[in-house]
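Peer 1: Got a structure for you, questions after.
The values are calculated or read from the model by the stated rules, or taken from the named source; none is laboratory data. From a predicted model like this one, the values you see are computed outputs, not experimental measurements. FYI the Cβ positions are ideal-geometry reconstructions off the backbone, even for glycines, and counts take in every protein chain you see. Just the protein is used for accessible areas: all its heavy atoms, side chains included, with ligands, DNA and RNA removed. Shrake-Rupley method; radii C 1.70, N 1.55, O 1.52, S 1.80 Å.
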Amino acid sequence: MHVYIDGELAYVWPVSTGRWGYNTPAGSYRPYVLRRFHRSSKYDDAPMPYSIFFRGGYAIHGTGAVRRLGMPASHGCIRLHMSNARELYELVSYYGKSDTRIVIRP
């Protein structure tokens with residue numbers, strides 16, 4: 001993940017995206033819901049800390065499965081190291097959802 005602030009590259013973080021059979025949707029999005037302590041209603045109440053929802057049930061969120069970062073591992077969400085997810089969540093909270101753009105390339 002590349003994070004830009006005011007057009008300048010600020011962070012580069014490894015992520016996990018959708019594993020085989022569970023694609024992460026490509027496109028350009030704006031976040032529509034932020035939830036600091038979300039739990040999945042679809043996948044066994046799995047924790048999704050620092051969730052930034054951008055399309056339907058898809059979100060960027062923290063994970064404890066850090067050994068899987070850098071490879072496909074999720075059901076379509078974008079997973080980040082917990083500290084990076086917290087930093088991103090705080091940035092989106094600060095700048096606002098309407099001034100945040102999420103671009104996912106295939």
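Peer 1: With the other protein chains left in place, how much accessible area per residue, in square angstrom, belongs to the chain at a 1.4 angstrom probe?
Peer 2: 63 Å²
Peer 1: If you roll a 1.4 Å probe over the chain with all protein chains in place, what percent of the accessible area is carbon or sulfur?
Peer 2: Heavy-atom surface of the chain belonging to carbon and sulfur, 1.4 Å probe: 50 percent.
Peer 1: Okay, moving on. I'd like the distance separating the alpha-carbon centroids of the range 69-85 and the range 16-49, in whole Å.
Peer 2: If we compute the Cα centre of each part, the gap is 9 Å.
Peer 1: Once the piece of chain linking residue 33 and residue 1 is laid out straight, how much longer is it, given 0.36 nm per residue of separation minus the C-alpha distance between them?
Peer 2: 9.6 nm
Peer 1: Could I ask something else about it? Between the helical axis of 82-95 and the dominant principal axis of the chain, each derived from Cα atoms, what acute angle in degrees is found, rounded to the nearest 10?
Peer 2: Helix 82-95 and the main axis of the chain meet at about 40 degrees.
Peer 1: Next question, about the same structure. Tally Lys/Arg at +1 and Asp/Glu at -1 over every other residue whose Cβ is under 12 Å from the Cβ of residue 31; what's the total?
Peer 2: Neighbourhood net charge equals +4.
Peer 1: With only Lys, Arg, Asp and Glu charged, each at its Cβ (+1 for the first two, -1 for the last two), find how big the charge dipole of the chain is about the Cα centre; round to the nearest 20 debye.
Peer 2: 340 debye
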